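Structure first, then comments.
We did not get these values from a lab; they are worked out from the coordinates using the rules stated. As the structure is a computational prediction, the values presented were derived from the model and not from experiment. Neighbour counts run over all protein chains shown; Cβ positions are idealised from the backbone, glycine included.
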Amino acid sequence: MPNVPSASGLPRRDQIRREAARLFAARGFLGVGVDEIGKAVGISGPGLYRHFAGKDAMLADLLVGISERLLEEGRRRAGGSEGPTAALDALIGGHVDFALDDRDLITLHDRELLNLREEDRRTVRRLQRAYVELWVEVVRQAYPPFAVPTAEPVARAAVHAVFGLINSTPHSHGPNPAQGDERAGLARDAMAALLHDLAHGAFSAAAVAVAADPTRSDVEATEAGSGAGASA
């Protein structure tokens, strides 16, 4: 069916995606019904089936879609940069933008991956592994202590740790303080700059530790991650 614009100006399918992500993040996938999503976009619940086969298809579309987007954008940013330091800056910037601007999707990745059908979950895991390996390759080029083969596990563990740091944004970045919300935190640009600096600081500290004590490189990299882009 054509993805015609809705009254909000967004194509109807994109509007459904946005509202489904918001509701799933707020109430949990199992706590939201098709009728609620339909009401949020101004159409009947059954009308959603003209756009998605069901709730499972919506969740898969959201989680597979963002995994594809992160990988594609990461490759574009890294490939378009001059040198590994610039490539890492670009990767960090892209992931920070995602964490700040798509907080509902961060929450879904943290909480709802197990509610995907097995085939879709495998697809997400495969995309996430490719995204992690892209970062590991760039980090090992940007920080020479990670370049030796035995340091690769530490570089990978550091990448997972930085994802966890950046992905914590939904829990630490509140609304605009001007709105008087008690959860208000840093403004967006200030938070972006802080996360960027913290990410580089984490990689730098890990590289210094490896250089000072090469036996750290014998540790086995974890296969677990924190949230979007971090699961292996």
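With a Förster radius of 30 Å applied to the beta-carbon distance between ARG27 and ARG126, the computed FRET efficiency rounds to 0.55.
The charge dipole of the stretch 91-145, taken about its Cα centre with unit charges on the Cβ of Lys, Arg, Asp and Glu (plus for the first two, minus for the last two), comes to roughly 280 debye.
Calculated on the alpha-carbon coordinates, the convex hull of the stretch 32-174 measures out at 129 cubic angstrom per residue. Distances between every pair of Cα atoms in the stretch 24-113, grouped in 10 Å steps from 0 to the bin holding the largest one, split as 15, 37, 27, 14, 6, 0 percent. For the stretch 80-95, the Karplus equation 6.51 cos²θ - 1.76 cosθ + 1.60, evaluated at θ = phi - 60°, returns couplings of x, 9, 9, x, x, 5, 5, 5, 5, 4, 5, 4, 4, x, x, 6 Hz by residue, with Gly and Pro reported as x. Based on the convex hull around the alpha carbon atoms, the stretch 61-143 presents an average projected area of 5.2 nm². Over 15 Å apart: what share of the alpha carbon pairs of the stretch 26-78 falls there, rounded to a whole percent? Value for the stretch 26-78 (Cα pairs over 15 Å): 57 percent.
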